[in-house]
Amino acid sequence: MIRIKLLLLLATAILVPELLNSQELEFRESEEGILLMENEYPRFFYQTATKSKDGEYPRANYIHPLYGPNGEVLTEDFPEDHLHHRGIFWSWHQLYVEGKRIADPWLTENIHWEVQNISTSINENTAEIKAEVFWIPTSTENAVIKENVSITYESLEDGIYTLTFDLKFTALVDGVAIGGSEDEKGYGGFSPRFALPENVSFHSTSGKIQPQNLPVQAGPWMELKGSFDPSEIGQLGIVIMGEPENLPSYQGWILRSSKSMQNMAFPGKEAIEIKKGKSLNFRNQILVHSGLSTDEIETYYKEFRNQ
């Protein structure tokens, strides 16, 4: 009988080899947020509850940790040099309502976020989280922006996966405007904070990119390459993808080789209005890989853009 069972198992593996390589995805929910597991490896955690450090820098609605292929932590939360930085987040310094500046969401000052109506779904090698997030200034205690969040994980090949962010911001009151830092850097928007290795380097469509203090003009994606996993001999690549031509007043890439975030900066220091009932939409993607060439990354970028 045992021999028959072994033969049946072997026959099944030969006839349906994908069963041996199937990706088992599972969401695990807690009071703090939602963790995605893949074959018992953690992939990312979405923070839904408000989190703070000794009551300071309260934040919610971001990804931390993002994990590498072997479960290594790739992002940072409450880093000592910038305690307001938080994993993979998206925010701006300036938030106006009816011409009055009421909060600094980037620094998490005078505002909090309520994550509601959360749903999850899994379909073969993809897993998605959807939520509504309400931006509530301390001064009003009434939501001024409703954010629709969609975060989709996709396992592509062995050790290669993506995390796609589809974000929509709808003004709930009159006179809503957002703006970046009020200096020449003008940073704001989608901003991953990675734990950067000493040998990190930056690459885009035109080759190696040198970080500058001000925004760098480069391609629509940026790869960070380095020893993110000290236990591995090879280098890991993390690619940030975006749609720069769809961003209002796009400034370029804010790149930092240590102690900071990376940012596709928009709209700069001049705030832009979102009229009541109207929305601002943008998409970004994180691609984690080991050993992809520039041409291969470009192929994945075209898939992200549905080209």
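Here is a yes/no grid of residues against (1) small (Gly, Ala, Ser); (2) closer than 16 Å to Glu157 by Cβ:
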{"site": "Gly226", "(1), (2)": "yes, no"}
{"site": "Glu232", "(1), (2)": "no, no"}
{"site": "Ile240", "(1), (2)": "no, no"}
{"site": "Glu243", "(1), (2)": "no, no"}
{"site": "Gly252", "(1), (2)": "yes, no"}
{"site": "Lys259", "(1), (2)": "no, no"}
{"site": "Ala271", "(1), (2)": "yes, no"}
{"site": "Gly291", "(1), (2)": "yes, yes"}
{"site": "Gln307", "(1), (2)": "no, no"}
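Please state which one of Pro192, Pro197, Pro215 is closer than 30 Å to Phe27 by Cα, modelled with pLDDT of 95 or more and surrounded by 19 or more Cβ atoms within 10 Å (Cβ to Cβ).
On the way: Pro197 fails: surrounded by 19 or more Cβ atoms within 10 Å (Cβ to Cβ); Pro215 fails: closer than 30 Å to Phe27 by Cα.
Sole residue among the options that is closer than 30 Å to Phe27 by Cα, modelled with pLDDT of 95 or more and surrounded by 19 or more Cβ atoms within 10 Å (Cβ to Cβ): Pro192.
Within the stretch 232-239, the presence of a residue that is within 16 Å of the chain's Cα centre (by Cα), surrounded by fewer than 18 Cβ atoms within 10 Å (Cβ to Cβ) and part of a loop (DSSP other than H, G, I, E, B) is excluded. Within the stretch 169-221, the set of residues being under 24 Å from His84 (Cβ atoms), part of a loop (DSSP other than H, G, I, E, B) and among the hydroxyl-bearing types (Ser, Thr, Tyr) comprises Ser181, Tyr187. Leu9 meets the stated requirement of being modelled with pLDDT under 95 and among the hydrophobic types (A, V, I, L, M, F, W, C).
Applying the criterion of being touching a strand residue (DSSP E or B) at 6+ places or on another chain (Cβ under 8 Å) and assigned to a loop (DSSP other than H, G, I, E, B) to the residues of the stretch 222-231, the residue that is surrounded by the fewest Cβ atoms within 10 Å (Cβ to Cβ) is Ser227.
On the basis of being more than 30 Å from Glu132 (Cα to Cα) and not hydroxyl-bearing (Ser, Thr, Tyr), does Arg305 make the cut?
Details: more than 30 Å from Glu132 (Cα to Cα): no; not hydroxyl-bearing (Ser, Thr, Tyr): yes.
When the stated conditions are applied, Arg305 does not pass them.
Of all residues in the stretch 117-143, those that are under 21 Å from Arg101 (Cβ atoms), surrounded by 14 or more Cβ atoms within 10 Å (Cβ to Cβ) and free of Cβ contacts under 8 Å to residues at least 40 places away in the same chain total 3.
The values are calculated or read from the model by the stated rules, or taken from the named source; none is laboratory data. What you see is a predicted model; the values in this text were computed from it and never measured. Cβ sites come from the backbone with ideal geometry, for glycine too, and all protein chains shown count toward neighbours.
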